[in-house]
């Protein structure tokens, strides 16, 4: 990877800095009686309910009430919350350290499809593991889909981030673990790298 023209780097969160396992959430919901969870939500797609959650267009409570309709009777909000957060594992310590080492070389940003429930959960994980308040301290700015009310892979999301960060697409590297997200960013002229499950950002040569 050439770093000749790169001035900005936009990082995804899950699968790039934070280890995630979508199967754990799927299995947890199956135990709550949701037989078709993978048809509702996965790494690569989500139905209207999850789209609304990740763009801040539905409250946490409304989300829980909708999910309860798919669960076994008497399923509690806490059980749903725990199942929804089950996918969030641990942070990649070496990758987090790498962010510190490149802050003086590049303008670095975070762009994550997430929601208020997950944000609260992974902030706790991050603090427990590092003793720091938030992963946001490593970035010039963090863009969370439910706060900017835009999510990947919609092109308007990347256009918003580029404009807000005063970035030029051809000078910006975007690192994500989803091909859908990579493809739409690439169409806007953004330099991209699809991070494979075996890869780590600290070994990319940026």
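The values are calculated or read from the model by the stated rules, or taken from the named source; none is laboratory data. Small disclaimer: the values here were computed from a predicted structure and weren't measured. Using ideal geometry, Cβ is built from the backbone for each residue, glycine included, and neighbour counts are taken over all protein chains shown.
Quick notes on this structure:
- Selection count where residues are over 14 Å from residue 10 (Cα atoms) and either surrounded by fewer than 16 Cβ atoms within 10 Å (Cβ to Cβ) or in contact with a strand residue (DSSP E or B) (Cβ under 8 Å, 6 or more places away or on another chain) (or both), scope the range 93-124: 14
- Inter-residue pairs, beta-carbon under 6 Å, first free of Cβ contacts under 8 Å to residues at least 12 places away in the same chain and in the range 156-183, second in a loop (DSSP other than H, G, I, E, B) and surrounded by fewer than 19 Cβ atoms within 10 Å (Cβ to Cβ), 6+ apart: none
- Residue 128 being at pLDDT 95 or above and surrounded by fewer than 20 Cβ atoms within 10 Å (Cβ to Cβ): yes
- Residue list for the range 61-75, restricted to those being in contact (Cβ under 8 Å) with a residue 12 or more places away in the chain and surrounded by 12 or more Cβ atoms within 10 Å (Cβ to Cβ): 63, 64, 66, 67, 68, 70, 71, 75
- In the range 131-145, residue surrounded by the fewest Cβ atoms within 10 Å (Cβ to Cβ) [restricted to those that are out of contact with any helix residue (DSSP H, G or I) (no Cβ under 6 Å at 6 or more places or on another chain) and part of a helix (DSSP H, G or I)]: 137
- Within this structure, residue 152 fails the test of being under 24 Å from residue 87 (Cβ atoms), assigned to a helix (DSSP H, G or I) and either outside the structural domain of residue 60 (by TED's automatic domain parsing) or modelled with pLDDT under 95 (or both).
- Pairs with Cβ under 7 Å, 6+ apart, first in the range 186-202 and assigned by TED's automatic domain parsing to the domain that holds residue 108, second modelled with pLDDT under 95 and in a loop (DSSP other than H, G, I, E, B): 193/1; 193/204
Here is a yes/no grid of residues against (1) buried (at least 19 other Cβ atoms within 10 Å of the Cβ); (2) outside the structural domain of residue 169 (by TED's automatic domain parsing); (3) at pLDDT 95 or above:
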{"position": "1", "(1), (2), (3)": "no, yes, no"}
{"position": "34", "(1), (2), (3)": "yes, yes, no"}
{"position": "37", "(1), (2), (3)": "yes, yes, no"}
{"position": "43", "(1), (2), (3)": "no, yes, no"}
{"position": "50", "(1), (2), (3)": "yes, yes, no"}
{"position": "77", "(1), (2), (3)": "no, yes, yes"}
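- Scope the range 177-193; condition closer than 16 Å to residue 6 by Cα and in contact with a helix residue (DSSP H, G or I) (Cβ under 9 Å, 6 or more places away or on another chain); matching residues: 185, 188, 189, 190, 191, 192, 193
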